[in-house]
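See structure below.
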Amino acid sequence: MYGGTENAANILAGKLADKGINSIKMYDVSQTHYSYVLSDAFKYSHIVFATTTYNNGVFETMENLLHNIAAHNLQNRKVVLIQNGSWAPTCGQAMKTILEGLKGTEIIDESICIKSALKEEQLSELDCLADKIALSIKESEKVLQTVG
């Protein structure tokens with residue numbers, strides 16, 4: 001909403017790129033129609049949803065995307081949820097509630113909570129999260145390499 005969530009997502013993307021994950025696509029759902037994001041969601045094994053709390057829920061364009069993902073029954077994805085909220089961050093649990101009914105959906109980490117803007121001490125949390133995501137992606141690639 002004010003750039004703090006986007007900044008954290010950009011930093012995480014940079015950390016993933018530093019770890020050799022180079023197939024990263026980012027969308028700002030307040031600027032991009034959800035259908036483009038939905039289409040790409042079926043192409044990627046790992047998805048990071050980063051949003052802000054809005055009216056004690058999920059920012060409306062992200063909520064719309066999540067409901068459409070659920071309606072299209074996206075399955076077997078690894079998901080990371082990053083929530084932002086200055087005084088009562090609730091969007092993380094709300095996102096989880098929308099996604100948890102999807103078969104094979106695994107939430108990698110639920111620990112990132114931004115209070116308006118990323119704090120210097122939270123950079124280590126993003127490092128840890130990037131490690132977890134990169135390891136999970138590399139493990140998935142190994143499975144795909146042995147199957148084919």
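The values are calculated or read from the model by the stated rules, or taken from the named source; none is laboratory data. Worth saying up front: this structure is predicted, and the values here are computed from it rather than measured. Accessible surface is based on the protein model in full, side chains and every heavy atom, while ligands, DNA and RNA are left aside. Shrake-Rupley method; radii C 1.70, N 1.55, O 1.52, S 1.80 Å.
What does the helix-only formula give at 222 nm for the chain: each DSSP H stretch with n ≥ 4 adding -39500 (n - 2.57), the total divided by the residues, and the result rounded to the nearest 500 deg cm²/dmol?
-15000 deg cm²/dmol
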For the stretch 86-94, Karplus-derived ³J(HN,Hα) couplings (6.51, -1.76, 1.60; θ = phi - 60°; whole Hz; x for glycine and proline) come out as 6, 10, 8, x, 10, 5, x, 5, 5
Could you check how much of the accessible area of the stretch 38-148 is carbon and sulfur, as a whole percent, using a 1.4 Å probe? 51 percent
For the stretch 56-114, take N as its residue count and report Rg(C-alpha) divided by 2.2 N^0.38 Å. 1.09
Beyond 16 Å, how much of the Cα-Cα pair distribution for the stretch 67-148 remains, as a whole percent? 61 percent
If you take percent of Cα pairs over 21 Å apart from the coordinates, which of (i) 45; (ii) 51; (iii) 42 do you get? (iii)
Decide, for the stretch 1-45, between rounded, prolate and oblate: order the square roots of the alpha carbon gyration tensor eigenvalues as a ≥ b ≥ c, take rounded if a/c falls under 1.5, and otherwise choose prolate if a/b is larger than b/c, else oblate. oblate
Per the Kirkwood formula over distinct C-alpha pairs, the hydrodynamic radius of the stretch 19-80 in angstrom is 12.4 Å
